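The structure appears right after this line, and notes come after that.
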Amino acid sequence: MKPAEVTQKISEQLSSMRKSERKVAEYILANPGEIIHMRIVDLATEAQVSEPTVVRFCRAVGCSGFQEFKLNLAQQLASSPSFGQIAVTESDTIAEYKRKVFDSTVDTLLNVRDKIDNRALEAAVTAIAAAKRVEFFGFGASGAVASDAKHKFFRLQLAAAAHSDHHMQSMSAMGMEPGDVVVAISQSGRTSSLLRSMEMAKAQGATVIGLGPSGSPVTRKSTIPLEVDVEEDIELYTPLSSRIAHLVVIDVLAIGVAQRKGPQLQEHLLKLKKGLYNLREEKH
(Lines give C-alpha, C1' and ligand atoms only; values in the text may rest on other atoms or scores of the structure.)
Protein backbone atom coordinates (compact mmCIF):
# COMPACT_ATOMS: atom_id res chain seq x y z
CA MET A 1 0.00 0.00 0.00
CA LYS A 2 1.22 3.53 -0.82
CA PRO A 3 1.48 5.75 2.29
CA ALA A 4 -0.93 8.30 0.82
CA GLU A 5 -3.62 5.61 0.65
CA VAL A 6 -3.84 4.83 4.39
CA THR A 7 -6.73 7.05 5.44
CA GLN A 8 -8.38 6.62 2.04
CA LYS A 9 -8.39 2.86 2.59
CA ILE A 10 -9.86 3.33 6.08
CA SER A 11 -12.62 5.58 4.75
CA GLU A 12 -13.52 3.17 1.97
CA GLN A 13 -13.82 0.21 4.32
CA LEU A 14 -15.44 2.00 7.26
CA SER A 15 -19.02 0.94 6.53
CA SER A 16 -18.09 -2.74 6.10
CA MET A 17 -15.92 -3.06 9.23
CA ARG A 18 -16.91 -4.89 12.39
CA LYS A 19 -18.23 -2.63 15.12
CA SER A 20 -15.04 -2.93 17.19
CA GLU A 21 -12.75 -2.28 14.22
CA ARG A 22 -14.88 0.70 13.23
CA LYS A 23 -14.23 2.22 16.66
CA VAL A 24 -10.49 2.01 15.92
CA ALA A 25 -11.00 3.50 12.45
CA GLU A 26 -13.09 6.42 13.70
CA TYR A 27 -10.59 7.23 16.44
CA ILE A 28 -7.72 7.23 13.92
CA LEU A 29 -9.58 9.44 11.43
CA ALA A 30 -10.38 11.89 14.21
CA ASN A 31 -6.87 11.90 15.71
CA PRO A 32 -4.35 10.96 12.98
CA GLY A 33 -1.53 13.10 14.35
CA GLU A 34 -1.66 11.43 17.75
CA ILE A 35 -1.58 7.84 16.47
CA ILE A 36 2.04 7.93 15.30
CA HIS A 37 3.20 8.57 18.90
CA MET A 38 1.05 5.83 20.44
CA ARG A 39 1.75 2.26 21.46
CA ILE A 40 -0.74 -0.38 20.47
CA VAL A 41 -1.99 -0.54 24.06
CA ASP A 42 -2.59 3.22 24.03
CA LEU A 43 -4.73 3.06 20.88
CA ALA A 44 -6.65 0.07 22.22
CA THR A 45 -7.40 1.96 25.43
CA GLU A 46 -8.49 5.17 23.68
CA ALA A 47 -10.69 3.32 21.18
CA GLN A 48 -12.05 1.07 23.94
CA VAL A 49 -11.14 -2.16 22.16
CA SER A 50 -8.67 -5.02 22.68
CA GLU A 51 -5.14 -5.08 21.29
CA PRO A 52 -5.96 -8.01 18.94
CA THR A 53 -8.75 -5.84 17.49
CA VAL A 54 -6.20 -3.14 16.64
CA VAL A 55 -4.03 -5.78 14.91
CA ARG A 56 -7.03 -7.07 12.93
CA PHE A 57 -7.86 -3.51 11.93
CA CYS A 58 -4.30 -2.91 10.66
CA ARG A 59 -4.40 -6.08 8.57
CA ALA A 60 -7.83 -5.15 7.20
CA VAL A 61 -6.36 -1.97 5.70
CA GLY A 62 -3.38 -3.73 4.15
CA CYS A 63 -0.69 -3.51 6.85
CA SER A 64 1.12 -6.40 8.49
CA GLY A 65 0.75 -4.87 11.94
CA PHE A 66 0.55 -1.71 14.02
CA GLN A 67 4.16 -0.63 13.41
CA GLU A 68 3.78 -0.75 9.63
CA PHE A 69 0.47 1.08 9.91
CA LYS A 70 2.07 3.86 11.99
CA LEU A 71 4.95 4.16 9.50
CA ASN A 72 2.59 4.52 6.54
CA LEU A 73 0.42 7.00 8.41
CA ALA A 74 3.47 9.08 9.41
CA GLN A 75 4.66 9.20 5.79
CA GLN A 76 1.21 10.28 4.66
CA LEU A 77 0.95 13.05 7.24
CA ALA A 78 4.42 14.31 6.35
CA SER A 79 3.50 14.72 2.69
CA SER A 80 -0.15 15.72 3.03
CA PRO A 81 -1.39 16.47 6.56
CA SER A 82 -5.14 16.53 5.92
CA PHE A 83 -5.39 14.08 3.02
CA GLY A 84 -8.12 11.48 3.39
CA GLN A 85 -9.60 12.79 6.64
CA ILE A 86 -12.97 13.48 5.06
CA ALA A 87 -14.92 10.43 6.26
CA VAL A 88 -17.96 11.79 8.07
CA THR A 89 -19.25 9.73 10.97
CA GLU A 90 -22.69 9.75 12.55
CA SER A 91 -21.31 11.31 15.71
CA ASP A 92 -19.64 14.27 13.99
CA THR A 93 -20.71 17.74 15.09
CA ILE A 94 -21.21 20.49 12.52
CA ALA A 95 -17.83 21.94 13.53
CA GLU A 96 -16.14 18.58 12.88
CA TYR A 97 -17.61 17.87 9.47
CA LYS A 98 -17.17 21.52 8.46
CA ARG A 99 -13.46 21.14 9.16
CA LYS A 100 -13.29 17.81 7.32
CA VAL A 101 -14.94 19.20 4.20
CA PHE A 102 -12.79 22.34 4.07
CA ASP A 103 -9.54 20.54 4.94
CA SER A 104 -10.11 17.81 2.37
CA THR A 105 -10.92 20.29 -0.40
CA VAL A 106 -7.95 22.55 0.37
CA ASP A 107 -5.63 19.56 0.44
CA THR A 108 -7.03 18.28 -2.85
CA LEU A 109 -6.37 21.62 -4.52
CA LEU A 110 -2.78 21.75 -3.26
CA ASN A 111 -2.11 18.23 -4.52
CA VAL A 112 -3.56 18.99 -7.95
CA ARG A 113 -1.64 22.29 -8.12
CA ASP A 114 1.67 20.55 -7.50
CA LYS A 115 1.10 17.59 -9.84
CA ILE A 116 -0.65 18.98 -12.92
CA ASP A 117 1.65 19.26 -15.96
CA ASN A 118 2.57 22.88 -16.71
CA ARG A 119 3.44 22.03 -20.33
CA ALA A 120 -0.01 20.55 -20.85
CA LEU A 121 -1.60 23.67 -19.33
CA GLU A 122 0.50 25.86 -21.65
CA ALA A 123 -0.56 23.82 -24.69
CA ALA A 124 -4.23 24.02 -23.64
CA VAL A 125 -4.05 27.81 -23.16
CA THR A 126 -2.39 28.21 -26.57
CA ALA A 127 -5.06 26.10 -28.30
CA ILE A 128 -7.98 27.88 -26.63
CA ALA A 129 -6.57 31.39 -27.18
CA ALA A 130 -6.24 30.68 -30.92
CA ALA A 131 -9.58 28.88 -31.27
CA LYS A 132 -12.45 30.10 -33.42
CA ARG A 133 -14.82 28.35 -31.05
CA VAL A 134 -14.43 26.41 -27.81
CA GLU A 135 -17.03 23.99 -26.47
CA PHE A 136 -17.17 22.28 -23.09
CA PHE A 137 -18.58 18.77 -22.78
CA GLY A 138 -19.50 17.05 -19.50
CA PHE A 139 -22.22 15.05 -17.79
CA GLY A 140 -23.64 15.30 -14.26
CA ALA A 141 -21.40 17.31 -11.93
CA SER A 142 -18.97 17.73 -14.83
CA GLY A 143 -21.82 19.29 -16.80
CA ALA A 144 -22.01 21.99 -14.12
CA VAL A 145 -18.27 22.60 -14.52
CA ALA A 146 -18.75 22.83 -18.30
CA SER A 147 -21.53 25.41 -17.85
CA ASP A 148 -19.35 27.50 -15.53
CA ALA A 149 -16.50 27.32 -18.05
CA LYS A 150 -18.77 28.56 -20.85
CA HIS A 151 -19.58 31.71 -18.88
CA LYS A 152 -15.92 32.36 -18.09
CA PHE A 153 -14.70 32.01 -21.68
CA PHE A 154 -17.66 33.82 -23.20
CA ARG A 155 -16.47 36.88 -21.26
CA LEU A 156 -13.08 36.47 -22.93
CA GLN A 157 -14.57 37.20 -26.36
CA LEU A 158 -14.58 33.58 -27.46
CA ALA A 159 -17.43 31.76 -29.16
CA ALA A 160 -18.07 29.42 -26.22
CA ALA A 161 -20.77 26.84 -25.53
CA ALA A 162 -21.41 24.01 -23.07
CA HIS A 163 -23.30 20.76 -23.66
CA SER A 164 -24.32 18.12 -21.11
CA ASP A 165 -26.68 16.25 -23.44
CA HIS A 166 -25.17 13.49 -25.58
CA HIS A 167 -27.17 14.35 -28.68
CA MET A 168 -26.17 18.01 -28.50
CA GLN A 169 -22.56 17.01 -27.93
CA SER A 170 -22.64 14.75 -30.99
CA MET A 171 -24.16 17.42 -33.23
CA SER A 172 -21.69 19.99 -31.98
CA ALA A 173 -18.74 17.61 -32.45
CA MET A 174 -19.75 16.80 -36.03
CA GLY A 175 -19.83 20.52 -36.82
CA MET A 176 -16.28 21.13 -35.58
CA GLU A 177 -13.48 22.30 -37.85
CA PRO A 178 -9.68 22.44 -37.58
CA GLY A 179 -8.80 25.18 -35.10
CA ASP A 180 -11.87 24.57 -32.95
CA VAL A 181 -11.42 23.22 -29.43
CA VAL A 182 -13.44 20.81 -27.28
CA VAL A 183 -12.74 20.59 -23.56
CA ALA A 184 -14.02 17.21 -22.36
CA ILE A 185 -14.51 17.12 -18.58
CA SER A 186 -14.95 13.91 -16.60
CA GLN A 187 -14.43 12.98 -12.95
CA SER A 188 -14.24 9.27 -13.76
CA GLY A 189 -12.55 9.65 -17.14
CA ARG A 190 -14.58 6.74 -18.46
CA THR A 191 -17.97 8.06 -19.60
CA SER A 192 -18.63 6.23 -22.88
CA SER A 193 -20.91 8.92 -24.39
CA LEU A 194 -18.28 11.58 -23.75
CA LEU A 195 -15.59 9.41 -25.36
CA ARG A 196 -17.72 9.01 -28.51
CA SER A 197 -18.22 12.78 -28.73
CA MET A 198 -14.47 13.30 -28.36
CA GLU A 199 -13.76 10.89 -31.21
CA MET A 200 -16.26 12.71 -33.43
CA ALA A 201 -14.64 16.07 -32.73
CA LYS A 202 -11.14 14.72 -33.42
CA ALA A 203 -12.34 13.21 -36.71
CA GLN A 204 -13.37 16.72 -37.79
CA GLY A 205 -9.89 18.06 -37.03
CA ALA A 206 -10.71 19.76 -33.71
CA THR A 207 -8.29 19.85 -30.79
CA VAL A 208 -9.65 17.91 -27.81
CA ILE A 209 -8.49 18.82 -24.30
CA GLY A 210 -9.27 16.02 -21.85
CA LEU A 211 -9.72 17.00 -18.20
CA GLY A 212 -9.79 13.83 -16.08
CA PRO A 213 -7.77 11.26 -14.11
CA SER A 214 -4.34 10.25 -15.41
CA GLY A 215 -4.35 7.08 -17.49
CA SER A 216 -8.12 7.25 -18.00
CA PRO A 217 -9.67 6.92 -21.49
CA VAL A 218 -10.63 10.61 -21.50
CA THR A 219 -7.04 11.78 -21.03
CA ARG A 220 -5.51 9.00 -23.16
CA LYS A 221 -7.77 9.74 -26.13
CA SER A 222 -7.45 13.53 -25.96
CA THR A 223 -5.13 15.72 -28.02
CA ILE A 224 -4.00 17.57 -24.90
CA PRO A 225 -4.43 15.66 -21.61
CA LEU A 226 -4.92 17.66 -18.41
CA GLU A 227 -4.51 15.00 -15.75
CA VAL A 228 -6.26 15.73 -12.46
CA ASP A 229 -5.96 12.96 -9.88
CA VAL A 230 -8.21 13.21 -6.84
CA GLU A 231 -8.58 10.45 -4.26
CA GLU A 232 -12.34 10.48 -3.78
CA ASP A 233 -13.77 8.99 -0.61
CA ILE A 234 -16.79 6.82 -1.43
CA GLU A 235 -18.61 7.47 1.85
CA LEU A 236 -22.24 8.55 1.38
CA TYR A 237 -21.82 12.13 2.62
CA THR A 238 -18.54 12.92 0.88
CA PRO A 239 -18.50 15.95 -1.46
CA LEU A 240 -16.77 15.53 -4.80
CA SER A 241 -13.49 17.39 -4.42
CA SER A 242 -12.66 16.61 -8.05
CA ARG A 243 -15.45 18.97 -9.13
CA ILE A 244 -13.80 21.80 -7.21
CA ALA A 245 -10.39 20.88 -8.64
CA HIS A 246 -11.80 20.94 -12.18
CA LEU A 247 -13.34 24.37 -11.61
CA VAL A 248 -9.98 25.73 -10.45
CA VAL A 249 -8.17 24.24 -13.46
CA ILE A 250 -10.73 25.97 -15.68
CA ASP A 251 -9.92 29.22 -13.83
CA VAL A 252 -6.20 28.69 -14.55
CA LEU A 253 -6.95 28.22 -18.26
CA ALA A 254 -9.16 31.33 -18.29
CA ILE A 255 -6.43 33.44 -16.68
CA GLY A 256 -3.93 32.13 -19.22
CA VAL A 257 -6.17 32.98 -22.16
CA ALA A 258 -6.93 36.45 -20.74
CA GLN A 259 -3.20 37.08 -20.38
CA ARG A 260 -2.62 36.07 -24.02
CA LYS A 261 -5.30 38.42 -25.29
CA GLY A 262 -3.70 41.42 -23.58
CA PRO A 263 -4.87 45.05 -23.11
CA GLN A 264 -7.68 44.91 -25.66
CA LEU A 265 -9.42 42.22 -23.63
CA GLN A 266 -8.91 44.19 -20.43
CA GLU A 267 -10.83 47.10 -21.97
CA HIS A 268 -13.65 44.70 -22.93
CA LEU A 269 -13.80 43.21 -19.42
CA LEU A 270 -13.88 46.66 -17.88
CA LYS A 271 -16.79 47.59 -20.15
CA LEU A 272 -18.63 44.42 -19.09
CA LYS A 273 -18.02 45.17 -15.43
CA LYS A 274 -19.42 48.68 -15.77
CA GLY A 275 -22.45 47.39 -17.68
CA LEU A 276 -23.23 44.73 -15.08
CA TYR A 277 -22.76 47.23 -12.27
CA ASN A 278 -25.53 49.37 -13.75
CA LEU A 279 -27.92 46.40 -13.46
CA ARG A 280 -27.55 46.24 -9.69
CA GLU A 281 -29.93 47.89 -7.30
CA GLU A 282 -28.56 50.91 -5.54
CA LYS A 283 -27.77 50.61 -1.85
CA HIS A 284 -30.21 52.41 0.43
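The values are calculated or read from the model by the stated rules, or taken from the named source; none is laboratory data. It should be emphasised that the depicted structure is a prediction, and the values quoted were computed from it without experimental measurement. Virtual Cβ from ideal backbone geometry, glycine too; neighbours counted across all protein chains shown. Note: accessible area is taken over every heavy atom of the protein model, side chains too, but ligands, DNA and RNA are not part of it. Shrake-Rupley method; radii C 1.70, N 1.55, O 1.52, S 1.80 Å.
A few comments on the model shown:
- Cut-off 14 Å between beta-carbons: net charge of the residues surrounding residue 215, Lys and Arg +1, Asp and Glu -1: +1
- Element breakdown for segment 112-266 at a 1.4 angstrom probe: carbon and sulfur atoms account for 54% of the accessible area.
- The Cβ shell under 12 Å around residue 193 holds other residues with a net charge of 0, Lys and Arg each +1, Asp and Glu each -1.
- The largest accessible area among 246, 167, 151 belongs to the first residue in 167, 151, 246, and the rest follow in falling order (1.4 Å probe, all chains).
- By a 1.4 Å probe calculation restricted to protein chains, residue 243 has an accessible surface near 80 Å², given to the nearest 10.
- Protein heavy-atom accessible surface, 1.4 Å probe, per residue over segment 118-229: 42 Å².
- Gain in span if fully extended, residue 93 to residue 204, counting 0.36 nm per residue against the direct Cα distance: 34.6 nm
- Over segment 1-65, accessible surface divided per residue gives 50 Å², non-protein components excluded, 1.4 Å probe.
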